[in-house]
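Student: Below is a structure I'd like to ask you about.
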Amino acid sequence: MTDTPISLALLARAAGSEAASGKAVRAVPARAVLSGVGAPGALVALAERGAPWSPDRVVLTLDFHAPEVESRVPRARTRCRELARTFGLHHVFDLNAGVGSRVVLEWGLVLPGDLVAGCGRCLGVVGGVGALGLRLGEGALAGVLVEGAMELRAPEAVRVAVGGKPARHVGAWDVAKAVAAALDQDLDGRVVEFRDPPEGWSVEFRSSLCGILGEMGALAALVAPDGVTGAHYEARGITLDENPAPGSGAYAREIRLDLADVGPVAGPGYNEPAGALAARAGEPVDGVFLGSCYGGGLDDLAVAAEILRKAGRIDPAVRLTISPATLEVARAALNAGYYEAFFGAGAIVAAPGMGVGNVGGGAILGEGEHLASTAAYHRPAGPGQASPTVTLVSPAAAAAAAVAGKLIDPAEFTS
């Protein structure tokens, strides 16, 4: 099963020389993606140093929540818009577009084999198309933007071979946790690679899987491009070049995962232990959030709509908030009739890209309350107040919890 790691071949192409694990390389990124709360600081640091090496290669998305960065960058969103005009950036997506890194994939601005430098929690979703997204601090990213190159040590890569057919209700969160367990939680600083994605893994699913693994400590994760990837770009009028030629090197570790053995899991956070959802079945919930980077794709909304239609209504004691990841996902969900299912079941449908705890999102809970969610909760209800207890689950499990008023195996609604 041994092959040269995709990430090393990709870095070799970006560096114009051989890339071996542990060796220093100077590589030229194909894109720089500024999203999340680090974007304003990176742009301000860039303005202090000069101008971007290529306005066409920089993508700015204003998907960050301004109150979090106002203390460091006053007038954060306005400042970003001003600097984008000053620098002549060609690709700027405002708040209405949704989650930035998802938008970048929708527009075909990142291609398989690209090296992407950037900021933002969910930059790792670019791995879903076979790109390598590396998150940098604001100062380091500003340096890359000026110089058009980045210095790094080529990482170790681990290969995950997957087989079997997953259950309908199993999500990317569940698979990511199973991968981490199979690797003994040894993810830090490594690139996790899926060379032979199984039939049925959409680009959305792949992107969520890669993004979640990045949240869990992996340097990055990526899925080898295939026909599904090609179709994603063909739908956008983009014809892909051949994949990068193989480089040299070997995987630090290789494992095999049978998807038929993967079931729904629940846990308090990306980097904290998660256990079988069945072991916590019956725990009541006060609120449910379904959306954001890894739970707001069209596939995710489809399974939620299926569950809500089957149940008819959510539990009257539960507040269910649904936020499509992007404006395009929202449009597709509307055309597919999912919004009718959401509203009919009593859900709150928030603006695309809305995060957990945003004002107007409906998913604002406080100390003593229990939230089942597809995304981490980052914002306390107010100064001096504690956040609710959060349990991370898959989109199917989130929808099922809203219906039942408690954590429950979603198989009861999807089988």
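Student: With unit charges on the beta carbon (Lys/Arg positive, Asp/Glu negative), name the residue among ALA376, GLY139, THR414 whose Cα is farthest towards the positive pole of the charge dipole of the chain.
Tutor: With unit charges placed on the Cβ atoms, the residue in question is GLY139.
Student: Let me ask something else about it. How large are Rg and Dmax for the chain when calculated on the C-alpha trace, in angstrom?
Tutor: In order Rg, Dmax, the Cα atoms of the chain give 20.6, 61 Å.
Student: Tally Lys and Arg at +1 and Asp and Glu at -1 over the other residues with C-beta under 9 Å from the C-beta of ALA30: what net charge comes out? Could you put the intermediate results ahead of the total?
Tutor: Working: positive: ARG31, ARG57; negative: ASP114.
So the environment of ALA30 carries a net charge of +1.
Student: According to the square roots a ≥ b ≥ c of the eigenvalues of the Cα gyration tensor, what is the shape class of the range 51-192, taking rounded for a/c under 1.5, prolate for a/b larger than b/c otherwise, and oblate for the remainder? Could the numbers behind the result be given before it?
Tutor: Numbers: a/c = 2.04, a/b = 1.69, b/c = 1.20.
Prolate shape, in that a/c is at least 1.5 and a/b is the bigger ratio.
Student: How large is the translational diffusion coefficient of the range 266-414 in µm² per second when you combine the Kirkwood radius over alpha carbon pairs with Stokes-Einstein at 25 °C and 0.890 mPa s?
Tutor: Answer from the Stokes-Einstein relation: 166 µm²/s.
Student: Pop out the ³J(HN,Hα) list for the range 277-292 in order, Karplus 6.51 cos²θ - 1.76 cosθ + 1.60 with θ = phi - 60°, rounded to Hz; leave Gly and Pro as x.
Tutor: So the Karplus estimates, Gly and Pro as x, are 4, 4, 6, 10, 4, x, 5, x, 10, 9, x, 9, 10, 10, x, 6 Hz.
Student: May I pose another question? Please tell me the relative contact order of the range 266-414 in percent, rounded to the nearest whole number, where contacts are Cα pairs under 8 Å and at least six residues apart. Numbers along the way, then the final one.
Tutor: Values: 356 pairs, mean separation 50.6, N = 149.
This gives 34 percent for the range 266-414.
Student: Now a separate question. For ARG256, what is the net charge nearby, where nearby means another residue's Cβ is under 12 Å from its Cβ and Lys, Arg count +1, Asp, Glu -1? Provide the component values of the computation, followed by the final result.
Tutor: Details: positive: ARG159, ARG195, ARG253; negative: ASP196, GLU254, ASP258, ASP261.
Computed value for this residue: -1.
Student: Per residue of the range 191-207, what does 6.51 cos²θ - 1.76 cosθ + 1.60 with θ = phi - 60° give for ³J(HN,Hα)? Whole Hz please, x for Gly and Pro, Karplus curve as stated.
Tutor: Those phi angles translate into 9, 9, 10, 10, 7, 10, x, x, 4, x, 7, 6, 4, 4, 4, 4, 5 Hz.
Student: Using a Förster radius of 45 Å, what is the FRET efficiency between ALA279 and SER17 based on their Cβ-Cβ separation? Nearest 0.05, please.
Tutor: After rounding, the FRET efficiency stands at 0.35.
Student: I need to check one value: relative contact order of the chain, counting alpha carbon pairs closer than 8 Å and at least 6 residues apart, in percent. Kindly include the intermediate steps, with their values, before the conclusion.
Tutor: On the way: 1012 pairs, mean separation 71.1, N = 415.
Relative contact order comes out at 17 percent.
Student: Here's a follow-up. When only C-alpha pairs under 8 Å and at least 6 residues apart count, what is the relative contact order of the range 1-134, in percent? List each step's numbers first, then the result.
Tutor: Numbers: 214 pairs, mean separation 37.6, N = 134.
Dividing the mean separation by the residue count of the range 1-134 yields 28 percent.
Student: Which residues make up the longest stretch of the chain clear of trypsin sites (Lys or Arg not before Pro) that lie in a DSSP loop with no more than 15 other Cβ atoms within 10 Å, not counting the sites? Let's see the in-between values first.
Tutor: On the way: sites that count: LYS23, ARG72, ARG75, ARG168, ARG236, ARG313.
With a cap of 15 other Cβ atoms within 10 Å, the longest stretch comes to 314-415.
Student: Could I ask something else about it? Using all C-alpha to C-alpha distances in the range 1-42, build P(r) with 10 Å bins and read off the rounded percent in each one.
Tutor: That works out to 25, 35, 29, 10, 1, in percent per bin.
Student: Still on this structure, I have one more. For the range 311-324, what does the Karplus curve 6.51 cos²θ - 1.76 cosθ + 1.60, with θ = phi - 60°, yield as ³J(HN,Hα) per residue in whole Hz, taken in order and with x for Gly and Pro?
Tutor: Taking θ as phi minus 60°, the curve returns 7, x, 9, 7, 4, x, 8, 10, 9, 9, 10, 10, 10, x Hz for the range 311-324.
Student: Which one, VAL349, GLY282, ALA161, projects farthest toward the positive side of the charge dipole computed for the chain from Cβ point charges (K/R +1, D/E -1)?
Tutor: Of the options given, the answer is VAL349.
Student: Something else about it: How charged is the neighbourhood of GLY297? Take every other residue with its Cβ under 9 Å from the Cβ of GLY297, and add Lys/Arg as +1 and Asp/Glu as -1.
Tutor: Working: positive: ARG102; negative: GLU204, ASP299, ASP300.
Neighbourhood net charge equals -2.
All of the numbers you see were taken from the coordinates with simple rules; none came from a lab. All of these numbers come straight from a predicted model, not from anything done at the bench. Backbone-built Cβ (ideal geometry, glycine too); neighbour counts: all protein chains shown.
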